[in-house]
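Q: Take a look at the following structure, please.
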């Protein structure tokens, strides 16, 4: 059957997603239009295509245990010189993202894997481009801010053309905003903007 390359992420909603994608392309990042604007929960991971049903069941269970939470982006950061990335910072919702990504990568699940770097929720706006363009992205988006209630995450597959396509969206179902499901993270601002 072969393998597929999967990723799990929280989509940055409109109009923010398109705006940041356009900005990323404008900085010269050629991958911008093949990567929906997102906060990663599982980086690109190659799996046997036969395990896709197990992956879908696993992600549905993770979503059922979660609940909506507030996401807020503000300002820029960088992983340079360790990694050639400039990003918009997640300043609220990071603990919920961390909780989710741990469960997505659970050692007993079909997406178990180690990370190359410690998990740090962020929205990439420049990757692997010239230092000048990275400096421009860092400066020009330094005042950027957006906020929304995150109520789902999605499973994506990377095609042979390097474009990421959504396979499924998983809505949270484990509780009401402000009332955590058993074992889910507590966010005092859940469900509010």
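The values are calculated or read from the model by the stated rules, or taken from the named source; none is laboratory data. The shown structure was predicted, so the numbers you read here are calculated from the model rather than taken from an experiment. Every residue, glycine as well, gets a Cβ built from its backbone with ideal geometry; the counts of neighbours run over all protein chains shown.
Q: Here is a list of conditions, (1) touching a helix residue (DSSP H, G or I) at 6+ places or on another chain (Cβ under 6 Å); (2) free of Cβ contacts under 8 Å to residues at least 12 places away in the same chain; (3) more than 28 Å from residue 68 (Cα to Cα), and residue 4 meets all of them except one; can you say which number that is?
A: (2) is the only condition that residue 4 fails.
Q: Report yes if residue 139 is more than 30 Å from residue 67 (Cα to Cα), surrounded by fewer than 13 Cβ atoms within 10 Å (Cβ to Cβ) and at pLDDT below 95, otherwise no.
A: The answer is no for residue 139.
Q: So which of 152, 184 ends up being modelled with pLDDT under 90 and closer than 30 Å to residue 46 by Cα?
A: Only one candidate qualifies: 184.
Q: Moving on. Please go through the stretch 88-99 and give me each residue that is touching a strand residue (DSSP E or B) at 6+ places or on another chain (Cβ under 8 Å) and either over 13 Å from residue 146 (Cβ atoms) or not in a strand (DSSP E or B) (or both), ordered by number.
A: Within the stretch 88-99, 93, 96, 97 meet the criteria.
Q: OK, next. Can you find a residue in the stretch 69-82 that is free of Cβ contacts under 8 Å to residues at least 60 places away in the same chain and crowded, with 23+ Cβ neighbours inside 10 Å?
A: no
Q: Within the stretch 56-87, can you find the residues that are within 21 Å of residue 127 (Cα to Cα) and in contact with a strand residue (DSSP E or B) (Cβ under 7 Å, 6 or more places away or on another chain)?
A: Result: 73, 74, 75, 76, 77, 78, 79, 84, 85, 86, 87.
Q: Moving on. Is there a residue in the stretch 123-133 that is more than 13 Å from the chain's Cα centre (by Cα), at pLDDT 95 or above, surrounded by fewer than 15 Cβ atoms within 10 Å (Cβ to Cβ) and in a strand (DSSP E or B)?
A: no
Q: Continuing with the same structure: Just one of (1) in contact (Cβ under 8 Å) with a residue 60 or more places away in the chain; (2) closer than 23 Å to residue 157 by Cα; (3) buried (at least 20 other Cβ atoms within 10 Å of the Cβ) trips up residue 87, so point out which.
A: The single condition residue 87 does not satisfy is (1).
Q: If you take the residues of the stretch 34-60 that are free of Cβ contacts under 8 Å to residues at least 60 places away in the same chain and exposed (fewer than 15 other Cβ atoms within 10 Å of the Cβ), which of them is farthest from residue 90 (Cα to Cα)?
A: Once the filter is applied, the top-ranked residue is 50.
Q: What about residue 101, is it surrounded by 15 or more Cβ atoms within 10 Å (Cβ to Cβ), in contact with a helix residue (DSSP H, G or I) (Cβ under 6 Å, 6 or more places away or on another chain) and within 18 Å of residue 154 (Cα to Cα)?
A: no
Q: When you look at residue 108, is it free of Cβ contacts under 8 Å to residues at least 12 places away in the same chain, surrounded by fewer than 22 Cβ atoms within 10 Å (Cβ to Cβ) and closer than 23 Å to residue 171 by Cβ, yes or no?
A: no
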